[in-house]
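Beneath this line is the structure, given in structure tokens, with notes to follow.
The values are calculated or read from the model by the stated rules, or taken from the named source; none is laboratory data. Not measured: the values here are computed from a predicted model. No Cβ is skipped: glycine too gets one built from the backbone with ideal geometry, and neighbour counts run over all protein chains shown. For the accessible areas, the whole protein counts, side chains as well, though only heavy atoms, and no ligand, DNA or RNA atoms are used. Shrake-Rupley method; radii C 1.70, N 1.55, O 1.52, S 1.80 Å.
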Amino acid sequence: AKELGGNQVQYFNSQIYAKIERRIKIEKHLRKALEKNEFILVYQPQVNLLVNQIVGFESLIRWESPELGRVSPLEFIPIAEETGLIYPIGKWVLREACSQNKSWQELGFPKVSMAVNLSSKQFYDQSLKEQINSILQETGLEPQYLELEITESMTMDVQVALTTLNSFRNMGLKIAMDDFGTGYSSLSYLKEFPIHHLKIDQSFVKDISVNPTNAAIVNTIIALARNLKLVVIAEGVENDDDLKILQEFNCDTVQGYLFSRPVEASEVPEIFDRFSCN
Ligand code: C2E
Ligand code: CA
Ligand code: CA
Ligand code: CA
């Protein structure tokens, strides 16, 4: 490319260079982030519309790096996956989420499920099942209060996915299919997977009240879920107009800024109090 010369090539090179540099920096600091306690979990409530009660929380990781500032999971999770750092990070998330849920139960709050996002590497990790078993024992959380969120792309290898999901089911765990509609999923296998929740991706939920295409997609997914006897969770619900449409479509459960942003553990008791649970 050097003989092409010109500013264009230089500009292009410097852009690539900046990206590589950022990637290297993140990886470097990510390696120390766990031991330096730089991660926290935040929690977003999932609200059942029929009874206006919290039925669960989704845990979402946050990384506050002294060197890089706050880095989005959208940026560092893929790097954690590539480097294998996702194994210890994912294990920390599972333990933290389970222990937090157990401590809310011990404080007397209604028992709800805690959803944890799994990465593809974790899902295919042979030791995951054992790891979860020991975390549940350690924390004393009953398995039905832990929900694992997987995505369609993880189920591409249908046989392996089926075996893994069935063993989770046998352990008594709950499973949610996250970001539904954004990946390829073999709809024919969906009914064979032991899944409890279908989470409609927020890109479809967004502006559902003014976007007829999105409304049609969401309506169809809800009908599909009902046929498969799955409970639907609509993600990314931001305003009352969108909520109204979701209610018309008989959507079971919703999650989004309209109800609450993901909050730190210390703010969760207020959220429980805001909804008349049980
Ligand atoms: P996701 O699992 O699809 O999580 C939903 C994302 O939407 C979260 O972004 C959440 O904060 C955001 N969100 C919630 N309600 C609304 C809303 O009403 N409007 C809008 N615009 N956004 C909303 P976040 O926390 O930045 O996480 C991004 C992604 O990073 C997650 O997408 C998930 O794929 C991944 N992630 C987060 N935490 C973990 C984790 O502990 N482990 C793994 N493997 N991945 C994680
Ligand atoms: Ca999720
Ligand atoms: Ca999602
Ligand atoms: Ca997503």
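Quick rundown of the values:
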item	result
Added length on full extension, which subtracts the Cα-Cα distance from 0.36 nm per residue, Leu228 to Asn52	61.0 nm
Diffusion coefficient, µm² s⁻¹, Stokes-Einstein with Kirkwood Rh over alpha-carbon pairs of the chain at 10 °C and 1.306 mPa s	78
Cα gyration tensor category, rounded, prolate or oblate, for segment 132-278 with a/c compared to 1.5	oblate
Sites matching chymotrypsin sites (Phe, Trp or Tyr not before Pro) across segment 155-243 that sit in DSSP coil, with at most 15 neighbouring C-beta atoms within 10 Å	Tyr184
0 to 90° range, to nearest 10: angle between helix 158-171 axis and the chain longest Cα axis	50
MRE, 222 nm, helices only [DSSP H, n ≥ 4, -39500 (n - 2.57), over the chain, to nearest 500]	-14500 deg cm²/dmol
Computed magnitude of the charge dipole of the chain (debye, nearest 20; Cβ of K, R +1, Cβ of D, E -1)	480
Lysines whose Cα lies under 18 Å from that of Lys19, excluding same-chain neighbours fewer than 8 positions away	Lys28
Probe 1.4 Å - accessible area at Glu270, Å² to nearest ten	120
Average accessible surface area per residue within segment 104-185, 1.4 Å rolling probe, Å²	44
With Cα atoms, 0 to 90° folded angle of helix 86-106 axis to the chain main axis	30
Label point distance in nm, Lys129-Ser103, each placed 7 Å from Cα along Cα→Cβ	3.1
Distance histogram for segment 94-212 (every C-alpha pair counted, 10 angstrom bins, percent rounded to whole numbers)	13, 42, 29, 14, 2
With eigenvalues of the C-alpha gyration tensor scaled by 5 and rooted, segment 25-152, Å	26, 17, 14
Degrees, to the nearest 10: 128-139 long Cα axis against longest axis of the chain	60
Near-label residues of segment 78-106 by backbone N, under 17 Å of a point 7 Å along Cα→Cβ of Leu34	78-99
18 Å Cα-Cα threshold exceeded, pairs from Lys191/Lys229; Lys32/Lys91; Lys174/Lys206; Lys111/Lys244; Lys91/Lys121; Lys102/Lys174	Lys174/Lys206; Lys111/Lys244
Length released on extending from Ala265 to Tyr11, taking residue separation times 0.36 nm less the Cα-Cα span	87.0 nm
Loop trypsin sites (Lys or Arg not before Pro), segment 26-129 (other Cβ atoms within 10 Å of the site Cβ: 12 or fewer; DSSP)	Lys36
